[in-house]
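Comments concern the structure below.
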Amino acid sequence: MKAPIQQYANLKKLSIAAAGHIARIAEQCVNERGYFTLALSGGSTPRTLHEYLTALPYSANISWMETHLFWGDERFVPADHPDSNFLMALHTLIDHVPVPAENVHRIPTELPTPEQAAKQYETTLREKMEVFDLSSRSQRVPVFDCLLLGMGPDGHTASLFPGSPVLAEQTRWVAATPLPNLNPPVRRITLTFPVINAAKHVFFLVAGAEKQEIVQTIQDEPDNAREQYPAARVNPVSGELLWFVC
Ligand code: 6PG
């Protein structure tokens, strides 16, 4: 089934729409079971969304005290490095909302290797996340209430790059990636497809004319796209998938 693509005139309108969806889901999750789990994306596109999430009316619908923040991927750089996805979220979101420090679950890039950071993050997910059996695959996978993704000009998403051996990962929840041929030229840590596709609500936020053709190909020729573009392999098992595009 084709995932709905919602085109917006600009990044501001895209971000406002996404903020509304996230706030609605957050309110529903906290009302129903007392907490909300949100996996943030990296890159630059989410900056505007973060700013809207810290402002009324959206911030009023999000119980930040009951919200847990995670990351879909991270560059293997220190948490205070300008390329850190955590640092971007700290400056544009976390510093402006009352989310408890113990609810901010960043990927531990201070560990000696990306492999150790990935292994530790998977342990964090096991400790913090409601997990459930995917009966069709008898696999226990953490389930994010909402998971945000971007897409690069090569069709990568999170840190799942074309040709990466991690694309085929079906057991580990978190993996270290080889060095990508995109900036910044650093190794990454990423959630794998089983975790991404287990989420209840998966939102792509994609901005830029250079990405439009890939979005359309994913929409119109999903089978071909899956071979070429990792973003085309995002296909939630039972969750909602929405594309916010401008
Ligand atoms: C990262 C991101 C990556 C990003 C895309 C789009 O660590 O870089 O997780 O997947 O979402 O590359 O990046 P922009 O939003 O900057 O275009």
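The values are calculated or read from the model by the stated rules, or taken from the named source; none is laboratory data. Note that the coordinates shown come from a computational prediction; the quantities given were computed from them, not determined experimentally. Note that we place each Cβ from the backbone using ideal geometry, even for glycine, and neighbour counts take in every protein chain shown.
Please verify whether region 5-24 includes one or more residues that are modelled with pLDDT under 95, closer than 30 Å to residue 221 by Cβ and more than 16 Å from the ligand (Cβ to nearest atom). Don't jump to the end; show me each part of the working.
Taking region 5-24 as the starting set, the residues that turn out to be modelled with pLDDT under 95 are 5.
Those still in the list that are closer than 30 Å to residue 221 by Cβ too: 5.
Narrowing the set further to residues that are more than 16 Å from the ligand (Cβ to nearest atom) leaves 5.
Looking through region 5-24, at least one residue is modelled with pLDDT under 95, closer than 30 Å to residue 221 by Cβ and more than 16 Å from the ligand (Cβ to nearest atom).
Read through the list (1) within 16 Å of the ligand (Cβ to nearest atom); (2) touching a helix residue (DSSP H, G or I) at 6+ places or on another chain (Cβ under 8 Å); (3) not in a helix (DSSP H, G or I), then give the number of the only condition that residue 51 fails.
The single condition residue 51 does not satisfy is (3).
Suppose we filter region 179-220 for residues that are in contact with a Lys or Arg (Cβ under 7 Å, 6 or more places away or on another chain), surrounded by fewer than 20 Cβ atoms within 10 Å (Cβ to Cβ) and not aliphatic (A, V, I, L, M); how many remain?
Within region 179-220, residues that are in contact with a Lys or Arg (Cβ under 7 Å, 6 or more places away or on another chain), surrounded by fewer than 20 Cβ atoms within 10 Å (Cβ to Cβ) and not aliphatic (A, V, I, L, M) number 2.
Residues in region 69-91: is at least one surrounded by fewer than 17 Cβ atoms within 10 Å (Cβ to Cβ), part of a loop (DSSP other than H, G, I, E, B) and in contact (Cβ under 8 Å) with a residue 60 or more places away in the chain?
There is at least one residue in region 69-91 that is surrounded by fewer than 17 Cβ atoms within 10 Å (Cβ to Cβ), part of a loop (DSSP other than H, G, I, E, B) and in contact (Cβ under 8 Å) with a residue 60 or more places away in the chain.
Please specify each residue of region 22-45 satisfying the condition of being surrounded by fewer than 17 Cβ atoms within 10 Å (Cβ to Cβ) and more than 30 Å from residue 77 (Cα to Cα).
Within region 22-45, 24, 27, 28, 31, 32, 33, 34 meet the criteria.
Looking at the structure I just gave you, is residue 99 within 30 Å of residue 60 (Cα to Cα), surrounded by 13 or more Cβ atoms within 10 Å (Cβ to Cβ), touching a Phe, Trp or Tyr at 6+ places or on another chain (Cβ under 7 Å) and among the β-branched types (Val, Ile, Thr)? Even if it seems obvious, please write down each step before you answer.
Details: within 30 Å of residue 60 (Cα to Cα): yes; surrounded by 13 or more Cβ atoms within 10 Å (Cβ to Cβ): yes; touching a Phe, Trp or Tyr at 6+ places or on another chain (Cβ under 7 Å): yes; among the β-branched types (Val, Ile, Thr): yes.
Yes: the conditions hold for residue 99.
Just checking, how many residues over region 54-87 are of a type outside the set (Val, Ile, Thr) and either touching a Pro at 6+ places or on another chain (Cβ under 8 Å) or within 11 Å of the ligand (Cβ to nearest atom) (or both)?
Of all residues in region 54-87, those of a type outside the set (Val, Ile, Thr) come to 55-61, 63-66, 68-76, 78-87.
Keeping just the survivors that are either touching a Pro at 6+ places or on another chain (Cβ under 8 Å) or within 11 Å of the ligand (Cβ to nearest atom) (or both) gives 64-65, 71-76, 83-86.
Of the residues in region 54-87, 12 are of a type outside the set (Val, Ile, Thr) and either touching a Pro at 6+ places or on another chain (Cβ under 8 Å) or within 11 Å of the ligand (Cβ to nearest atom) (or both).
Quick check on region 26-48. Is at least one of its residues more than 16 Å from the ligand (Cβ to nearest atom), among the acidic types (Asp, Glu) and closer than 25 Å to residue 116 by Cα?
There is no residue in region 26-48 that is more than 16 Å from the ligand (Cβ to nearest atom), among the acidic types (Asp, Glu) and closer than 25 Å to residue 116 by Cα.
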